[in-house]
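Since the structure comes first, as structure tokens, the remarks are kept for the end.
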Amino acid sequence: MTEELFSHDSYLRSCDATVVDVREEGVVLDRTVFYPRGGGQPGDSGTFRWGGGDCRVGDTVKSRDDGEIVHLIDPATPPPPVGVALTAELDWDRRYQHMRTHTALHALSGVVFTDFGAKVTGGNIDSGGVARMDFELDGISQEFGHDVETRLNERLAQDVPVNVQLLPRAEALADPDLIRTKVSLIPDSVDPIRVIDITGIDKQADGGTHVSSSGEVGRVKVVKTESKGKANKRIRIRLEEP
């Protein structure tokens, strides 16, 4: 299986790798810094460069057949051949915005869980620092969005570390607070389980990429709250640029 460099260091912008498979849907490397679409976070895009050629990577996914990370190549540029050594380089600004947004969502989850006792029922990161998260809430007041925004920004401004831990599956599942979604989405085969700990704000199982401190997120605006049905309320957020 492809070595997932992004799981250990989200700040790696590029890596040297070797092509191990070229499929109809895309290219498989022996190692990669490209995050595959999943858990609400978009897949990475970027560029492959090798002696005599280069190509664009428009998206990154995990194969439904064998779980391998597949880099989807822009059809306008031919893929590299099997066995070639190349450099895989991320569209860094796009990835970094995903990292900030993802950490913002985890902090939002921590605020709503700690202060209002609600678990997550869904979430997604869009482009441009925009994202949404759904919670198991019966109802919300007109002031709820402003209240959550104030609490969220106060905690992010504490500039606390964001740590990555790998816990044995049995240990992680023994702590109900680590599985913050209403229904656990972690496949039975995952062991150990990767845990993201925003010190004092949120701690939960997650496979995505994050910034190293809450202060890197910056300010967050709650742009909308809405009801998506009984006991399912949505909060939409947007990163505010410095």
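The values are calculated or read from the model by the stated rules, or taken from the named source; none is laboratory data. As the structure is a prediction and not an experimental result, all values here were calculated from the model. Don't worry about glycine lacking a Cβ; one is built from the backbone with ideal geometry, like all the others, and counts go over all protein chains shown.
Scanning the range 51-87 for residues that are closer than 18 Å to SER14 by Cα, part of a strand (DSSP E or B) and not aliphatic (A, V, I, L, M) returns GLY53, ASP54, CYS55, ARG56, GLY58, ASP59, THR60, HIS71, THR87.
Residue count for the range 1-28 satisfying the condition of being in contact with a Leu (Cβ under 8 Å, 6 or more places away or on another chain) and in a strand (DSSP E or B): 7. In the set (1) in contact (Cβ under 8 Å) with a residue 12 or more places away in the chain; (2) under 25 Å from ALA104 (Cα atoms), GLY26 fails one condition alone, (2).
Among the residues here, SER189 does not qualify as in contact (Cβ under 8 Å) with a residue 24 or more places away in the chain and small (Gly, Ala, Ser). Among residues of the range 188-239 being acidic (Asp, Glu) and more than 14 Å from THR103 (Cα to Cα), the one that is surrounded by the fewest Cβ atoms within 10 Å (Cβ to Cβ) is ASP188.
Within the range 10-42, the set of residues being among the β-branched types (Val, Ile, Thr) and either crowded, with 20+ Cβ neighbours inside 10 Å or outside the structural domain of LEU72 (by TED's automatic domain parsing) (or both) comprises VAL19, VAL27, VAL28, THR32, VAL33.
Got a sec? Which of SER127, SER109, SER141 is part of a loop (DSSP other than H, G, I, E, B) and under 14 Å from the mean Cα position of the chain (by Cα)? Result of the check over SER127, SER109, SER141: SER127. Among residues of the range 129-148 being without any contact (Cβ under 8 Å) to a residue 40 or more places away in the chain and not charged (D, E, K, R), the one that is farthest from VAL223 (Cα to Cα) is SER141.
Pairing residues of the range 220-232 that are at positive phi with residues that are modelled with pLDDT under 95, at Cβ distances under 7 Å and at least 6 apart in sequence or on separate chains, gives ALA231/GLU136; ALA231/LEU137; ALA231/ASP138. Residues in the range 29-50 that are part of a strand (DSSP E or B) and either closer than 19 Å to VAL195 by Cα or among the aliphatic types (A, V, I, L, M) (or both): LEU29, GLY38, GLN41. Among the candidates ALA118, ALA107, the residue that is closer than 30 Å to SER14 by Cβ and assigned by TED's automatic domain parsing to the domain that holds ASP159 is uniquely ALA107. Kindly indicate whether any position in the range 139-156 is among the β-branched types (Val, Ile, Thr), over 15 Å from ARG236 (Cβ atoms), crowded, with 17+ Cβ neighbours inside 10 Å and modelled with pLDDT of 95 or more. Within the range 139-156 (the criterion being among the β-branched types (Val, Ile, Thr), over 15 Å from ARG236 (Cβ atoms), crowded, with 17+ Cβ neighbours inside 10 Å and modelled with pLDDT of 95 or more), the answer is no, since none of the residues qualifies.
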